[in-house]
Amino acid sequence: MSELKLSGTIKSFLPVTSGTSKVGKEWKKQNFVISNKDGYEGADKIYCFEYFGEENVNNLTKYNKVGDEVTVSYNIGCNEYNNPTKGLQYFTSLSAWRVEKGEAVGVVNEPVLSGADDDLPF
């Protein structure tokens, strides 16, 4: 599987969620939302990622703020949930495993041709 990456602007941080797993291990996660112009005809498109681990959660808001450009490396997962009233249901999640500061978006300078290339036939 190829590495999944997505770049965009942080729009919001959702509240931190924590709990204890079935085996008694403490966990912590934070969801955050980024947006970019990947939608139809450049429209805003939003994505909500979940980021697990106490160190990851602490560093996420320590080094990033709303409005920052980031690149998120992530996995897509699907889980089953057997709802007693609605039966078997599925939900999909975008699980971030790396969040990096985005690079400044700028104009790429194209090479300037010198006069020596003016004699090309095309």
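I'm told residue 114 meets every condition in (1) closer than 24 Å to residue 27 by Cβ; (2) among the hydroxyl-bearing types (Ser, Thr, Tyr); (3) modelled with pLDDT under 95 except one. Can you identify the failing condition by its number?
Here residue 114 meets the rest and fails (1).
Can you find a residue that is exposed (fewer than 10 other Cβ atoms within 10 Å of the Cβ), over 14 Å from the mean Cα position of the chain (by Cα), at pLDDT below 90 and of a type in the set (S, T, N, Q) anywhere in the range 91-99?
Within the range 91-99 (the criterion being exposed (fewer than 10 other Cβ atoms within 10 Å of the Cβ), over 14 Å from the mean Cα position of the chain (by Cα), at pLDDT below 90 and of a type in the set (S, T, N, Q)), the answer is no, since none of the residues qualifies.
Conditions: (1) exposed (fewer than 13 other Cβ atoms within 10 Å of the Cβ); (2) modelled with pLDDT under 95; (3) in a loop (DSSP other than H, G, I, E, B). Residue 66 meets all but one. Number of the miss?
Answer for residue 66: the failing condition is (2).
The values are calculated or read from the model by the stated rules, or taken from the named source; none is laboratory data. Because the structure is predicted, anything quoted here is derived from the model rather than measured. Note that we place each Cβ from the backbone using ideal geometry, even for glycine, and neighbour counts take in every protein chain shown.
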